[in-house]
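Structure, as structure tokens:
The values are calculated or read from the model by the stated rules, or taken from the named source; none is laboratory data. Values in this document were obtained by computation on a predicted structure and should not be read as measured data. In this analysis, Cβ positions are derived from the backbone assuming ideal geometry, glycine residues included, and neighbour counts consider all displayed protein chains.
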Amino acid sequence: MSALPLPAAPTLAAGRRMIDDGFLDDPYPAYAALREAGPIHWSDEFFDGAWLLTRHEDVEAILRDPRFSARRTGGWVMNSGEGARGELKGFQQLFGRAMLFMDEPDHSRLRRLMHAGFRPDALRALRPYVEALVDEMLESVDARRGFDFMRQIARPLPARVIAKLMGIAGDGDDRFIDWSDDLAAFIGAPRPTLEQARRAQVSLLGMSRYFERCIASGAAGDGLVGSLARAARDGTIADDAELLAQCAMLLFAGHETTRNLLGNGLYHLLAQPGLRDALQREPDRLTGAVRELLRFDSPVQYTGRRVATDLVLHGQPLRRGELVLGIIGAANRDPRRYADPDRLDIGRRAFAPLSFGSGPHVCIGAALTMMEAEIVFGTLMRRWPELVLSAPRPRWNRNPVYRGLQTLNVHVPGGIGTV
């Protein structure tokens, strides 16, 4: 197969890899160069090679087209290094059974079971808990001295919220975060190492044992985990592995994306004070602002599909089994879809971004994530309208998939302003 070379992006010297420190700090110039150079590109930088799509129309299309399969974990896990096939069998057996990696009809069967936990009435019932939790967490920090928003708010909050929704004890918060970090490092690696896969396996199996104990003891109660356990007993969920895979990956997904939306969003609101001031004057624009923050700096930068049947895309033959990456971060800034896409405009009246996906696999927890962000940002602006960044430059994580901040130090002027 003839492969198209990656063009030289403005921030990259010819012959260098696309993913370097500059890219991880700001991937958008490289995305723009790829997007304008052509509709499809081959890169051997991702896994064993992948086709990259950067234009909105194409990324949305592969997320909706059944010729592109969500079943993509086998080679991903088993090619992590020498000995992986034997050592990581338990990881693959669970990882590959998650709804995220299922096609029809299994995907719809599992999604229907989970939908009850994310209905509008369920989220309305959860909202007072989230509001009280945000107040409690903000009460615990000294804003005049300064605090790390990522460590003290953005990381623990989503873990406690998803635990509440799932009906499990909140005393596992620190473990939830550590487990999620290991899975995120594996999923986010362009070429996962065997060590990254081992750590992800330990964490996924740790999650599974945690849920096994919750279910066996009856501790899951009436939450979503209890509902899934009942579905396993009546045969709607196929077996224990399928049950535990849904519980574990829901815990992971409910934490990772929300954490990074909170951090990325607050950073941009504070880095451009006019945006925050506009929201303080017109708080009813907050929902649209959160949607625009998602578009501008998506917490999920790309997602993958396997070609399910030979086809031709933009004149390029794609073979069954090849990996295609839809670059969400690039699609969300496609000028063919959004006017002036590199400008953060909280008044933008435009299409919803692809940050939560599209089609059958659109994020089931999107409304919950939006609710958490709106509550956090709204509460912060009311409580500390003069909140500012303590350092001019953010510290971004080094994960090209789950874009987020390592730290975000903030303070209210008049104090020390450090942590």
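Residue-level check: of (1) among the small types (Gly, Ala, Ser); (2) under 22 Å from the mean Cα position of the chain (by Cα); (3) within 22 Å of Gly74 (Cα to Cα), Ala308 misses just (2).
For His41, the conditions (1) touching a residue at least 12 places away in the same chain (Cβ under 8 Å); (2) in a helix (DSSP H, G or I); (3) not polar (S, T, N, Q) all hold with the exception of (2).
Residue by residue, here is whether (1) on the phi > 0 side of the Ramachandran plot; (2) exposed (fewer than 14 other Cβ atoms within 10 Å of the Cβ); (3) among the charged types (D, E, K, R) holds:
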{"site": "Ala289", "(1), (2), (3)": "no, no, no"}
{"site": "Gln301", "(1), (2), (3)": "no, no, no"}
{"site": "Arg305", "(1), (2), (3)": "no, no, yes"}
{"site": "Asn332", "(1), (2), (3)": "no, no, no"}
{"site": "Ala339", "(1), (2), (3)": "no, yes, no"}
{"site": "Leu354", "(1), (2), (3)": "no, no, no"}
{"site": "Cys363", "(1), (2), (3)": "no, no, no"}
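Can you confirm whether Leu311 is of a type in the set (A, V, I, L, M, F, W, C) and in contact with a helix residue (DSSP H, G or I) (Cβ under 9 Å, 6 or more places away or on another chain)? Criteria not met by Leu311.
Determine whether Pro392 is at pLDDT below 95, more than 30 Å from Asp20 (Cα to Cα) and either under 24 Å from the mean Cα position of the chain (by Cα) or not aromatic (Phe, Trp, Tyr) (or both). Quick ask: steps written out before the conclusion?
Values: at pLDDT below 95: yes; more than 30 Å from Asp20 (Cα to Cα): no; either under 24 Å from the mean Cα position of the chain (by Cα) or not aromatic (Phe, Trp, Tyr) (or both): yes.
Considered against the rule, which asks whether it is at pLDDT below 95, more than 30 Å from Asp20 (Cα to Cα) and either under 24 Å from the mean Cα position of the chain (by Cα) or not aromatic (Phe, Trp, Tyr) (or both), Pro392 comes out as no.
Being under 24 Å from the mean Cα position of the chain (by Cα) and either polar (S, T, N, Q) or part of a strand (DSSP E or B) (or both) is a condition met by no residue of the stretch 222-243.
For every residue, the table says whether it meets (1) surrounded by 19 or more Cβ atoms within 10 Å (Cβ to Cβ); (2) in contact with a Pro (Cβ under 8 Å, 6 or more places away or on another chain); (3) not aliphatic (A, V, I, L, M).
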site	(1), (2), (3)
Leu194	no, no, no
Gly218	no, no, yes
Arg230	no, no, yes
Glu242	yes, no, yes
Gly254	yes, yes, yes
Pro273	no, no, yes
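Tell me, please, whether a residue that is outside any strand (DSSP E or B), touching a residue at least 40 places away in the same chain (Cβ under 8 Å) and among the small types (Gly, Ala, Ser) can be found in the stretch 304-323. Checked the stretch 304-323: at least one residue is outside any strand (DSSP E or B), touching a residue at least 40 places away in the same chain (Cβ under 8 Å) and among the small types (Gly, Ala, Ser).
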